[in-house]
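Chemist: What follows is a structure written as structure tokens; I'll ask about it next.
The values are calculated or read from the model by the stated rules, or taken from the named source; none is laboratory data. Since the structure is predicted, the reported quantities are computational estimates derived from the model, not experimental observations. Ligands, DNA and RNA are excluded from the accessible area calculation, which covers all protein heavy atoms including side chains. Shrake-Rupley method; radii C 1.70, N 1.55, O 1.52, S 1.80 Å.
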Amino acid sequence: MVCDMPARTITFASSDQRDAREGPLQMHCPFCRHPDSRVIDSRTLDDGSAIRRRRECPNCHRRFTTLETSTLTVLKRSGVTEPFSREKITAGVRKASQSRPVTDDQIALLAQGVEEQIRSMGSSIIDANDIGTAILGPLRELDTVAYLRFASVYSAFNSLEDFEDAIAGLKGLEGTAGSPSGAGGGEAPGPGVDPVD
């Protein structure tokens, strides 16, 4: 008799997190708790961020499905950690782009690109400042006003001079890039607050 069980989400930590625990990762059978199972079928889901595996227990011969994903943890300045959320990037950029000619599709592509850049760093724990820095370049290319809004929060602008310095930096890039929109790469002055709050 084959019994179907709904998918269970399993989150695998990266090797640097796993080293702190004892023993290898094992998938226990949800029916008999046998410490081994055989993978019958594997399929990639979504945009490659998850794998669906159909498994069979060699002990009780029941089948079950697992959904395996990797995690990315954000370390905030306060020392608190939280799961990475692309939605927070989207919300922050959307807020900075309010009343600007920036579409939801452009914001979604920017957030996806930032997540890909962060994941390509190869670390499972990422500093919140690195996320803000990764947002600044693409946002400046997308819309300079939205960039200034975001940078003013991210870099904790305290005075008019902070804005003047950022604008002067944009004008300098405009002159060297030859772009009328002021598009270009680089960073704003030093970080101030967590960009994904």
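Chemist: For the stretch 20-102, taking Cα atoms only, what is the radius of gyration to one decimal and the Dmax to the nearest whole Å?
Modeler: 19.5, 61
Chemist: If I histogram all Cα-Cα distances within the stretch 119-172 using bins 5 Å wide from 0, what percent of pairs lands in each bin?
Modeler: Whole-percent P(r) values from 0 Å outward: 4, 17, 27, 21, 14, 9, 6, 1.
Chemist: Let me ask you something else. Take the solvent-accessible surface of the protein heavy atoms, probe 1.4 Å, and return the percent of it on the stretch 105-154 that carbon and sulfur atoms account for.
Modeler: Taking all protein chains in place, the stretch 105-154 shows 50 percent carbon and sulfur surface.
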